[in-house]
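To keep things clear, I will list the structure first and then write my remarks on it.
The values are calculated or read from the model by the stated rules, or taken from the named source; none is laboratory data. On a predicted model such as this, the values are computed, not experimentally measured, just so you know. Here the Cβ positions follow ideal geometry from the backbone for every residue, glycine too, while neighbour counts run over all protein chains shown.
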Amino acid sequence: MGLLADSLSRVKPSATIAVTNKAAELKRAGRDVIGLGAGEPDFDTPENIKEAAIAAIRSGKTKYTAVDGIPELKDAIVEKFRRENELDYKTSQISVGTGGKQILYNALVATLNPGDEVIVPAPYWVSYPDMVLLGGGEPVAVETTGETGYKMTAAALEAAITPRTKWLVLNSPSNPSGAAYTRSELAEIGAVLAKHPHVWVMTDDMYEHLVYDDFEFTTIAQVCPELYDRTLTVNGVSKAYAMTGWRIGYAGGPEQLIKAMAKIQSQSTSNPCSISQWAAVEALTGPQGFIAENNIVFKQRRDLVVSMLNQASGIQCPNPEGAFYVFPSCAGTIGRTAPSGKTLATDEDFVTELLEQEGVAVVQGSAFGTGPNFRISYATATEALETACERIQRFCGSLK
Ligand SMILES: Cc1ncc(COP(=O)(O)O)c(C=O)c1O
């Protein structure tokens, strides 16, 4: 009998982490590498949030807490959903976990039976299909194209639903495409779901606050109140408050589901870090002004990157509504030959040659289920981004 569980052979390690490691290796070897792989803001956690954590330590808030969150944080989350999303949840409908990642994982493990299908629009965040597989379910990718800005149409959703569909996973704004669904697009998706009452919706709103050009963020339970009873609205403090390392995510949803998620958490990790929970209370209830300030910078970077990429030969880059990613197509470079003599057959070849030749680290689109594309994270100093885009232009220009 081998050591490893059979279920482990169904999942693969994260491609985004692999690129980050490769870039770090080249850097250690003395190469000048610009890493555009990381999925976290380059801003520091705001001071008021750090101070709240220090105060929590000093006042002894350093012990086990209730498994799925302290009452003060649940109150702050209830208020956040009411204030920002027009959603009414009771504290008994709130779950707090160690990052949005644990919340999503708990929800899938708590609900999937073998053979249950989970619809995941592609390109998708790398962890969704693997979490579904670990939970014993079957991910069902729904393809999208650049023409719809990598958003799933209502018709494509309709075609993917079967009697075995358990969940639809929505992620808007999206990692990796930055695409965000408008209110009317969500209403169209909601109209399809209304016809299929056995399908639940897991909406990952992690990038809610990172939207540009006056885009109005909405979430599906707000747009389609008839779906409220079968929607899990997932969010967290990682991206909006530059708190990726603190590990706090949360969700609002039906009590039965929230209780089941707590049961899993109680037998695995127990409560998320007590200090981080107090920091998250401050994040959600304290001053919010820096979000808008950061967004001005993110929008400038997005505009710069989109414009420079669209000037690169063979690259087509839609202008996404949010997050801090762009997801250009490199279809126009496939079949061409790099100065190294390598002919680019896939987006993985594109990414590897770009890293070797120009020292720019990006992630291949196929890792997110859509290609030939690549993902750039523009949560990086503007100057480095400009240099990276110049190098991408030079790389594309060098292909024969
Ligand atoms: C779409 C999406 N969902 C969830 C997460 C997880 O966030 P965290 O676990 O830090 O809250 C990420 C992080 O990269 C993400 O991009």
What is the one condition in (1) in contact (Cβ under 8 Å) with a residue 40 or more places away in the chain; (2) in a strand (DSSP E or B); (3) closer than 25 Å to Gly365 by Cα that Leu232 does not satisfy? (3)
Out of the residues in the range 22-48 meeting the condition of being assigned to a helix (DSSP H, G or I) and of a type in the set (A, V, I, L, M, F, W, C), tell me which one is farthest from the chain's Cα centre (by Cα). Leu26
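Here's the yes/no breakdown for (1) out of contact with any Pro (no Cβ under 9 Å at 6 or more places or on another chain); (2) assigned to a loop (DSSP other than H, G, I, E, B); (3) touching a residue at least 12 places away in the same chain (Cβ under 8 Å); (4) crowded, with 23+ Cβ neighbours inside 10 Å:
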{"residue": "Gln300", "(1), (2), (3), (4)": "yes, no, yes, no"}
{"residue": "Val306", "(1), (2), (3), (4)": "no, no, yes, no"}
{"residue": "Ser313", "(1), (2), (3), (4)": "yes, yes, yes, no"}
{"residue": "Pro320", "(1), (2), (3), (4)": "no, yes, yes, yes"}
{"residue": "Gly335", "(1), (2), (3), (4)": "yes, yes, no, no"}
{"residue": "Ser340", "(1), (2), (3), (4)": "yes, yes, yes, no"}
{"residue": "Val351", "(1), (2), (3), (4)": "yes, no, yes, yes"}
{"residue": "Leu354", "(1), (2), (3), (4)": "yes, no, yes, yes"}
{"residue": "Gln357", "(1), (2), (3), (4)": "no, no, yes, no"}
Only one of Pro121, Pro129 is under 23 Å from the mean Cα position of the chain (by Cα), within 16 Å of the ligand (Cβ to nearest atom), without any contact (Cβ under 8 Å) to a residue 60 or more places away in the chain and closer than 30 Å to Glu321 by Cα. Can you tell me which? Pro121
Which residue out of Ala187, Ala180, Ala154, Ala159 is of a type in the set (Gly, Ala, Ser) and either under 30 Å from Gly37 (Cβ atoms) or in contact with a strand residue (DSSP E or B) (Cβ under 6 Å, 6 or more places away or on another chain) (or both)? Ala180
Test set (1) in contact with a strand residue (DSSP E or B) (Cβ under 6 Å, 6 or more places away or on another chain); (2) closer than 27 Å to Lys259 by Cβ - Ser7 fails condition number: (1)
Test Ile77 against the stated conditions and say whether it is modelled with pLDDT of 95 or more and within 16 Å of the ligand (Cβ to nearest atom). yes
Qualifying positions in the range 231-243 - within 12 Å of the chain's Cα centre (by Cα) and within 8 Å of the ligand (Cβ to nearest atom): Val234, Gly236, Ser238, Lys239
Could you please let me know if Ala280 is over 17 Å from Lys90 (Cβ atoms) and aliphatic (A, V, I, L, M)? yes
If I ask for residues that are more than 22 Å from Asp116 (Cβ to Cβ), assigned to a loop (DSSP other than H, G, I, E, B) and over 17 Å from the mean Cα position of the chain (by Cα), which ones from the range 145-196 would you list? Thr145, Thr153, Thr182
Those residues that are assigned to a strand (DSSP E or B) and either surrounded by fewer than 22 Cβ atoms within 10 Å (Cβ to Cβ) or more than 15 Å from the ligand (Cβ to nearest atom) (or both), I need them from the range 95-118; list them, please. Glu117
Condition met for Lys166 (more than 19 Å from Trp125 (Cβ to Cβ) and basic (Lys, Arg)): no
Restricted to the range 373-390, and to residues that are crowded, with 18+ Cβ neighbours inside 10 Å and out of contact with any Phe, Trp or Tyr (no Cβ under 7 Å at 6 or more places or on another chain), which residue is farthest from Ala24 (Cα to Cα)? Cys389
Checking the conditions here, which among Pro129, Pro163, Pro123 is crowded, with 22+ Cβ neighbours inside 10 Å, modelled with pLDDT of 95 or more and over 23 Å from Arg247 (Cβ atoms)? Pro123
